[in-house]
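We did not get these values from a lab; they are worked out from the coordinates using the rules stated. Computed from a prediction, not measured in an experiment: that's the story for all the values here. Glycine also receives a Cβ, built like all others from the backbone with ideal geometry; neighbour counts cover every protein chain displayed.
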Amino acid sequence: MDYRQESPPILKDFLMYHETIKGHSSKTVDEYFLDLRTFFRFLKIERGIVARKADFDEISIMDVDLDFVRNVTLNEVYNFLTFLARDRIVNQRSHYKEYGLSTTTRARKIACIRSFYKYLTVKAKLLAENPVADLDSPKTPKSLPRYLTLEESRCLLNSVDGNNRERDYCILCIFLNCGLRISEIVGLNVTDYHGDILRIVGKGNKERIVYLNESTKRAIDNWLIVRKNTVPSREPAMFVSNRRTRISRETVHSMVKTNLMRAGLDSTQYSAHKLRHTAATLMLQNGVDVRTLQEVLGHEHLNTTQIYTHVDSSELRIAAAANPLASFEPDKDK
């Protein structure tokens, strides 16, 4: 997919701004493109520009211009939300088609629309007024991140086996000790490893340094010995597949699931990203403050990190035990 070939100028300029000026990843920019393309296609049906029976996925947006986006109303956006919640197909492969996007997905699409109109009014100054300034976003449910306990984490590391044992153990060790994102692990190069630190390129191509403990250094060193004897010197990737090229996200996801099952853990409840949650939770439980954790995880905003402060229940247990009624027992004579 190349948004530069499939976007009208007003959308292409917005996407290029996010890619070149804001430094957002190609994946994020592609998501913006898909979200706004869906919105524009809906508007063309809603305004009668194309027939309601038209194939939604074949509607062209190349004629969308400033006048088209200037005249959007809040009512149209709320109708779009209704369309996403009730009419949008979310599983086309199923024999029985499933409709309705999740609240979180709808909120993300609304955030994208807001960003687009903020760009048009504040940055590009193509609009004098923002027609979606008062747009309300769907309320998203707050849920605590799922994570492995310390004993389950040890069990997972002890379960690693197979032809790629050193590689897989190293990846799991980095997940559980450093809390890296899967994209960050996949993107690691051998030259990013410097004794006791890793150079990480995170979201938005932001660089940070992650310090390594003895266990993680040992895992990397053991893997690099194996890697040196099997991977061509021209390949820069730290972790490679059986084809001796950079490992993919899909391969890492599959590896994590396989080892979770091998450890006797529920692979439907945990994932590669849950290992990042595990690292964050274990650090907090062992005295790491939330601002330091923010730096380790590469979060841009502190409130993203603060969700982990609700996971450790030790303070809540202390508070419950401190209640003067904690040891009360009813009179058995009554």
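Take the residue pairs LYS12/LYS274; LYS27/LYS217; LYS206/LYS228; LYS27/LYS118; LYS27/LYS257; LYS44/LYS109 and return only those whose Cα atoms are more than 27 Å apart. Spell out each step's value before the answer.
Values: LYS12/LYS274 35 Å; LYS27/LYS217 31 Å; LYS206/LYS228 29 Å; LYS27/LYS118 21 Å; LYS27/LYS257 24 Å; LYS44/LYS109 17 Å.
Pairs exceeding the cut-off: LYS12/LYS274; LYS27/LYS217; LYS206/LYS228.
Semi-axes, largest first, in whole Å: what does sqrt of 5 times each Cα gyration tensor eigenvalue give for the stretch 162-231? Don't jump to the answer; show the numbers that get you there.
Numbers: eigenvalues 76, 32, 29 Å².
Semi-axis lengths for the stretch 162-231 are 20, 13, 12 Å.
Name the trypsin sites (Lys or Arg not before Pro) in the stretch 1-33 that are in a loop by DSSP and that have at most 16 other C-beta atoms within 10 Å, would you? Could you put the intermediate results ahead of the total?
Values: sites: ARG4, LYS12, LYS22, LYS27; in loops: LYS22.
Passing both the DSSP loop test and the Cβ count: LYS22.
Students often check this: by mean Cβ neighbours within 10 Å, which of 254-265, 239-250, 170-181, 46-57 ranks highest, and how do the rest follow? Kindly include the intermediate steps, with their values, before the conclusion.
Values: 254-265: 17.5, 239-250: 14.8, 170-181: 23.5, 46-57: 11.5.
So the peptides 254-265, 239-250, 170-181, 46-57, ranked by packing, come out 170-181, 254-265, 239-250, 46-57.
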